[in-house]
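First comes the structure, then the notes that go with it.
The values are calculated or read from the model by the stated rules, or taken from the named source; none is laboratory data. Given the structure is predicted, the values throughout are model-derived calculations rather than measurements. All Cβ positions, glycine included, derive from the backbone under ideal geometry; neighbour counts span all protein chains shown. Heads up: the accessible areas ignore ligands, DNA and RNA and are worked out on the full protein's heavy atoms, side chains in. Shrake-Rupley method; radii C 1.70, N 1.55, O 1.52, S 1.80 Å.
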Amino acid sequence: GPKVAVLHGDPAKEGHFVMRLKAPDGFKVPAHYHPSDENLTVLQGTFMIGTGEKADPAGLKPLAAGDYMFMPKEMRHYGVMKGETILQISGLGPFAITYVNPDEDPRNKKSPSQ
């Protein structure tokens, strides 16, 4: 699954933060939004990103290594990693993720042992 590393600040608190997300090929990010602006830079791989309330494969557009995208607060978006992908995410905290469909929130999934 994905791995997250905080490089600067504390995303859970007020102030600037920078973090990196590393995810495997094919990893899907369900439609979601944030309460603050998000700055996203692709460092490795390709992030296929779309905007809207529901993931639509036809709406995906590629962001390759070196590409940048600004997403204003509450902009609904989703994505799929093409190849092992590393994203750098920065902004002003507190940073939070709200999934459009709560059933797609991976934090609500039970592990096999539960």
Some residue of segment 73-85 being within 22 Å of residue 9 (Cβ to Cβ) and among the basic types (Lys, Arg): yes
Of all residues in segment 60-102, how many are open to solvent by 30 Å² or more (accessible area, probe 1.4 Å) and free of Cβ contacts under 8 Å to residues at least 60 places away in the same chain? 18
Criterion: without any contact (Cβ under 8 Å) to a residue 60 or more places away in the chain, open to solvent by less than 60 Å² (accessible area, probe 1.4 Å), in a loop (DSSP other than H, G, I, E, B) and of a type outside the set (Val, Ile, Thr) - qualifying residue of 50, 45, 26: 26
When you check residue 101 against the structure, is it under 19 Å from residue 51 (Cα atoms) and not charged (D, E, K, R), yes or no? yes
Which one is farthest from residue 95 (Cα to Cα) among residues in segment 1-13 that are of a type outside the set (A, V, I, L, M, F, W, C) and surrounded by 11 or more Cβ atoms within 10 Å (Cβ to Cβ)? 2
